[in-house]
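Nothing in this text is a laboratory measurement; each read-out follows from the coordinates by a stated rule. Small disclaimer: the values here were computed from a predicted structure and weren't measured. Neighbour counts are summed over all protein chains in view; Cβ atoms, including those assigned to glycine, are modelled from backbone coordinates with ideal geometry.
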Amino acid sequence: MKQTEVVFVRLSDPDPEILARAAAIIRAGRLVAFPTETVYGLGADALNEAAVARIFAAKGRPAYDPLIVHIADLEDLSRVVSEVPDMARRLAKRFWPGPLTLVLPRADLVPTLVTAGRDTVAVRCPSHPVALALIQASRTPIAAPSANRFGRTSPTTAQHVLDDLGGRVELILDAGPTPIGVESTVLDLTQAIPTILRPGGVPREALEEEIGSVAILEQAPTPTAEMGMPSPGLLARHYAPRAKLYLFLGAPDAVLRAMRQEAQAHLSAHRRVGILVADEDAAAFADLDVIGETVGPAEDLNMVARRLFGALRALDAQGVDVILARDFSVQGLGLAVRDRLRRAADVIMQAS
Ligand code: TXA
Ligand code: MG
């Protein structure tokens, strides 16, 4: 592929000429990276199998991992799924456009490559004006995973996309940092009880307000390791920075103490140490030669979510060997934050 072009596009009232260019690329079966309210996506015509194959190739993504189909309107849902249950309609009315992905029975129109051979398909209607305008201009549903190389942290800026996919995508639409910062909530409506497959931008509490209790798929085991004992090899490692990541669970005071100890041990072994903490924690490390990234006040979980992936990438960019990260509360977007940190972690420490 030739060089990747990055084009700035206004968030509100995006330039129709730029959108027409992007839509022409989608219609020609090629790739465009675009902003959504969660993270940047790597888009292709969801109904064109060859185009979808290009997504897997560009990301280095294994074909067993299915993609989300993005639509611009609730009306389009019945084109890509074979059945729209009442609950889906209700959730869509409340949360669309927005960061909720619904897993439903697949319509024949959707190539099985999109769904990795499953008879279900994941669908969402994003709220970002550029994403909506691109889908509309393309006049087709757009399949889009997060626009990162497989296994890496999702991109929240156009620069992140360029860092991962430069030369592998034709055009990147840059509308600035994404406002939510973690991916959409994936809710499976084909189970007896609606099940969260991935916590994300719509909090569990908000879903339960609308439809009553939902189940959460436990993909990662509850860490029971004592302080200093890793839980090795059990977690699906994903959303991962290059550095080795240690996640500290427990009460904030104990966590900060344990992180300091761990930092000192790595520093004496001449490793470059990065820490990922809340604003109010930074002072506790002021006397240590560590590289700090703060993600906001611990109680502002929306800000923590927005800044999380950028902070992990910033630490990597500064060449740290290890990242020591604190845990956050699981209320609201905190559940998604903990999920991503746990998947990014090589080692989970229980501080006491
Ligand atoms: O916020 C988001 O969801 C972003 C933006 C670009 O929309 N997209 C995103 O896509 O995060 P991706 O491909 O990185 O993650 C999609 C998730 C994966 O965990 C995938 O396994 C799951 O959705 N998924 C997709 N189709 C599915 C299906 N039919 N059944 C179960 N899980 C599915
Ligand atoms: Mg992804």
Log entry: pair-distance distribution for the chain, C-alpha pairs binned every 10 Å from zero, whole % per bin is 6, 25, 33, 23, 11, 2, 0
Phi to ³J(HN,Hα) by Karplus 6.51 cos²θ - 1.76 cosθ + 1.60 over segment 188-196, Hz, x for Gly, Pro: 8, 9, 9, 8, 4, 10, x, 10, 6
Going by amide H atoms built from the backbone, whose H comes under 5 Å of the H on residue 82, apart from near neighbours? 106, 107
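How big is the Rg/Rh ratio for segment 132-214, C-alpha atoms only, Rh by Kirkwood, two decimals?
Checking Rg against Rh, the ratio lands at 1.04.
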Would you mind computing the Rg to Rh ratio of segment 102-147 from its alpha-carbon coordinates, Kirkwood style for Rh? 0.98
Over segment 261-323, what lengths in whole Å, largest first, do the semi-axes of the equivalent ellipsoid take, defined as the square roots of 5 times the eigenvalues of the alpha-carbon gyration tensor? 21, 14, 7
Starting from the amide H of residue 327, placed 1.01 Å from N in the peptide plane, find each other amide H under 5 Å away whose residue is 5 or more places distant or on another chain. 248
Longest site-free stretch - the chain; sites: trypsin sites (Lys or Arg not before Pro), DSSP loop, at most 11 other Cβ within 10 Å: 140-352
Helix-derived [θ] at 222 nm for the chain: sum -39500 (n - 2.57) over DSSP H runs of at least 4, divide by residue count, nearest 500? -9000 deg cm²/dmol
State the answer as a single residue: which of 88, 40, 115 lies farthest towards the positive end of the charge dipole of segment 37-157, with beta carbon charges of +1 for Lys and Arg and -1 for Asp and Glu, about the Cα centre. 40
In Å³ per residue, the alpha-carbon convex hull of segment 1-152 encloses 106 Å³
